[in-house]
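Asker: Handing you a structure now.
The values are calculated or read from the model by the stated rules, or taken from the named source; none is laboratory data. Keep in mind that this is a model prediction, so the values were computed, not measured. Please note: Cβ atoms are built from the backbone with ideal geometry, for glycine as well, and neighbour counts cover all protein chains shown. Areas reflect the complete protein model, heavy atoms only, side chains present, ligands, DNA and RNA absent. Shrake-Rupley method; radii C 1.70, N 1.55, O 1.52, S 1.80 Å.
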Amino acid sequence: MATSLTLIATPCTAPRSSSSFALAPRLPPRCSNATAARRRVPVRGAVRATTLQSDQEPAGSGDSGATTTKLSAWTSVRQERWEGDLPIEGCLPPWLNGTYIRNGPGMWDVGEHAFHHLFDGYATLVRVSFRGGGGARATGAHRQIESEAYRAAVARGRPVLREFSHCPAPAKSLLHRVGDLVGLVTGAALTDNPNSALLPLGDGRVMCLTETTKRSVLIDPDTLETVGRFRYTDRLGGMVQSAHPIVTETEFLTLLPDLVRPGHLVVRMEAGSNERKVIGRVDCRGGPSPGWLHSFAATEKYVVVPEMPLRYSSASLLASELAPFYAFDWVPASGSYMHVMCKSTGKTVASVEVPPFMAIHFINAYEEEGDEAAVVVDCCEHYGDPAIIETLVLSRLRLLRGKDVLPNARVGRFRIPLDGSPFGELETALDPEEHGRGMDMCSINPARLGRKYRYAYACGARRPCNFPNTLTKIDLVEKKAKSWHEEGSVPSEPFFVARPGATDEDDGVVISIVSSDDGEGYALVLDATTFEEIARVRFPYGLPYGFHGCWIPATEE
Ligand SMILES: CC1=C(/C=C/C(C)=C/C=C/C(C)=C/C=C/C=C(C)/C=C/C=O)C(C)(C)CCC1
Ligand SMILES: [Fe+2]
């Protein structure tokens, strides 16, 4: 295990967090970068959006049972943009030089309209740039992504396009109704709000996307400005895509669900190119449409295509009406399957039935060789129950704090045999009590992508809670977890950043943006080995919850 002594530094100011594996206190090192005193940073270049709730006390009740909370996680960001210096508490590792950016749904209110579901919010980027070592410094920023959906909503004072849980009212005139129909059939009526992933492509461009194929955007990682549209030069159609393409320095792999002839196209785009090429196609085994595919997994040789019983509702998409699960139907009788496609030949080498599952985020996959060759696939698995979707309704997040209503989740481990057997296995990778019977929003060391690995980082639960409220480091070999928790705080996805030159899998830091109970917000830096806090950098005010992050290393000066 890694023992990077330069990295393991206890905070220069007393940590208010706790760790289930707390080590004996160590003396804080002399740290020239600690800026213990919090200072307000002036708002620069702020453009106030029409109806934000910045000064309102948001609805909700704290863990303590109080009727109000200042928690910013579930309220709209207070202005369109901000940037400035961030005070550092603790010690940044000297090697931490680069930019962490996080994407997520930060604006749920426009005009008189308040969105219903977490996934609806207009995309907000948050940036923290670190310069570690002696002259350590941190700067930060947040900014709205200028998608068509966002610009139209701000201009009209209401959402105009279909979002996850919102369908615009049908047009009144016959002529406009025909227009609506065309929009539905072509997909033009769907949102392009890119609040899901944030992908540094191998060629330096940074892409943000959602699950509609309508439009993905490119952003400037320094200013967070929306600099343009990512235009594919191929003619692959389709309305939806995975929100989590798998991106390496050389390629971009993704899946395009086919809602007409249920199946998936597995496609690849080389770094520097805008043209996706089809590797192969997988037909669905259940019906009537493909299972929802937010993310997927890949090994070095194979792409794994999941097919779960929460399926796209073509009727909902075409009629602009909500299905039982918004854009999806829960069809347990249709079965659950996993398909494995060879990346080099495009041939499906395994297609197995598996126990019922419900997974939004896949963690990693790898190949097991030998007599019992198989593909092992890990995911955040919700015990085959789609209830997590309803858990993420904003009113539940705001009003049920401290109530134990977060559905159970586990690390689900699939074993897909490559010998032609018709069935695959699904097991629980470690005792879910280790992470509080809740887990999602995961990351790994990217150097282990598609390979055998040991550690996963995720949000876990300290119950009672209505949403994951811990950061957890899961050791899949020892089957143990360490956790970080702060009473009343909501941390976002723990993102692993490796120390340059590291060889141990957990030699690095984990970054998360935390909204605390008192309305404040900060980027938290944990030592990935010990899972102890080493620094936090404070934003001038708390930020809304966000989903996924990325890391862009600083270029040599
Ligand atoms: C799928 C279609 C649409 C949009 C889908 C969107 C925007 C999906 C977004 C999914 C996200 C952000 C998932 C995040 C999951 C977080 C979890 C599980 C956290 C768990 C914590 O415990 C429409 C555009 C609505 C229509 C076409 C189809
Ligand atoms: Fe996601």
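Asker: Roughly how many debye, to the nearest 20, is the charge dipole of region 401-557 about its Cα centre, given +1 on each Lys and Arg Cβ, -1 on each Asp and Glu Cβ, and no other charges?
Answerer: Values: 19 positive and 25 negative charges, 90 e Å.
For this selection, approximately 440 debye.
Asker: Could I ask something else about it? Along the positive direction of the dipole of the chain (beta-carbon charges: Lys, Arg +1; Asp, Glu -1; about the Cα centre), which of G546, L71, V160 reaches farthest?
Answerer: Of G546, L71, V160, it is V160.
Asker: Looking at this model, which pairs from K452/K473; K301/K452; K301/K473; K70/K482; K301/K347 are more than 20 angstrom apart at the alpha-carbon?
Answerer: Flagged as over cut-off: K301/K473; K70/K482.
Asker: Shifting gears a bit: In nm, what is the difference between 0.36 nm times the number of residues separating E487 and N408 and their Cα-Cα distance?
Answerer: Working it through step by step, the gained length comes to 26.4 nm.
Asker: Round to a whole angstrom and tell me the spacing of the C-alpha centers of region 222-279 and region 392-416.
Answerer: 29
Asker: Which one of N195, V375, G287 has its Cα pushed farthest toward the positive end of the charge dipole of the chain, where Lys and Arg give +1 and Asp and Glu give -1 at the Cβ?
Answerer: Result: N195.
Asker: Under a cut-off of 12 Å between alpha-carbon atoms, report the aspartates and glutamates in cross-link reach of K479, not counting same-chain residues fewer than 8 places apart.
Answerer: D431, E433, E434
Asker: Among Y326, T345, T226, pick out the residue whose Cα is farthest towards the positive end of the charge dipole of the chain, where Lys and Arg carry +1 and Asp and Glu carry -1 on C-beta, about the Cα centre.
Answerer: Result: T226.
Asker: If you average the C-alpha positions of region 486-533 and of region 284-321 separately, how far apart do those two centres end up, in angstrom?
Answerer: What the calculation gives is 32 Å, centre to centre.
Asker: Then there's this: Roughly how many Å² is the accessible area per residue of region 417-535, as a whole number, for a 1.4 Å probe?
Answerer: Dividing the accessible area of region 417-535 by its residue count gives 31 Å².
Asker: I've got another one for you. Let me have the relative contact order for region 364-459, percent, based on Cα pairs under 8 Å that are six or more residues apart.
Answerer: Value for region 364-459: 31 percent.
Asker: Taking a ≥ b ≥ c as the square roots of the Cα gyration tensor eigenvalues, with a/c under 1.5 meaning rounded and otherwise prolate when a/b beats b/c, else oblate, which class fits region 368-472?
Answerer: Prolate, because a/c is 1.5 or more and a/b exceeds b/c.
Asker: Between D475 and R261, what length in nm is gained on full extension when 0.36 nm per residue of separation is reduced by their alpha carbon distance?
Answerer: My answer for the length gained is 73.0 nm.
Asker: Sort region 171-237 into rounded, prolate or oblate with this rule: let a ≥ b ≥ c be the square roots of the eigenvalues of the Cα gyration tensor; rounded if a/c is under 1.5, and if a/c is not under 1.5, prolate when a/b is larger than b/c, oblate otherwise.
Answerer: On the way: a/c = 3.30, a/b = 2.23, b/c = 1.48.
Judged from the Cα gyration tensor, region 171-237 comes out prolate (a/c at least 1.5, a/b above b/c).
Asker: Sticking with this one: Find the relative contact order for region 469-551 and round it to a whole percent, using C-alpha pairs within less than 8 Å whose residues are 6+ positions apart.
Answerer: 24
Asker: Taking the Cα centroid of region 425-480 and of region 189-204, what is the distance between the two, rounded to the nearest whole Å?
Answerer: First find each Cα centre; the distance between them is then 25 Å.
Asker: Okay, next question. Just to confirm a number: summing +1 for Lys and Arg and -1 for Asp and Glu over residues other than A153 whose beta-carbon lies under 11 angstrom from that of A153, what do you get?
Answerer: -1
Asker: Here's something else I'd like to know. Length gain on complete extension for the stretch E249 to R463, per 0.36 nm per residue less the alpha carbon to alpha carbon distance?
Answerer: Fully extending the segment from E249 to R463 adds 73.1 nm.
Asker: Jot down the per residue volume, in cubic angstrom and as a whole number, of the convex hull over the alpha-carbon atoms of the chain. Don't skip to the end; give the middle numbers.
Answerer: Working: hull volume 80.8 nm³, N = 557.
Once divided by residue count, the hull of the chain is 145 Å³.
Asker: For E321 paired with N274, estimate the spin-label separation in nm (one decimal), with each label point 7 Å from Cα along the Cα-to-Cβ line.
Answerer: 3.9
Asker: Could you sort the peptides 217-224, 113-120 by per-residue average Cβ neighbour count (10 Å cutoff), highest mean leading?
Answerer: In decreasing order of mean packing, 217-224, 113-120 become 113-120, 217-224.
Asker: Percent relative contact order of the chain, based on C-alpha pairs within less than 8 angstrom and at least six residues apart?
Answerer: Across the chain, relative contact order equals 16 percent.
Asker: Going highest first, how would you order 309-321, 76-88 by mean Cβ packing within 10 Å?
Answerer: 76-88, 309-321
Asker: May I ask for the net charge around H361, where only other residues with Cβ less than 15 Å from the Cβ of H361 are counted and Lys, Arg are +1 while Asp, Glu are -1?
Answerer: Here the count lands on -3.
Asker: Over region 324-417, with every protein chain in place, what whole percent of the accessible area is carbon and sulfur at 1.4 Å, could you tell me?
Answerer: With neighbouring chains kept in place, the figure for region 324-417 is 53 percent.
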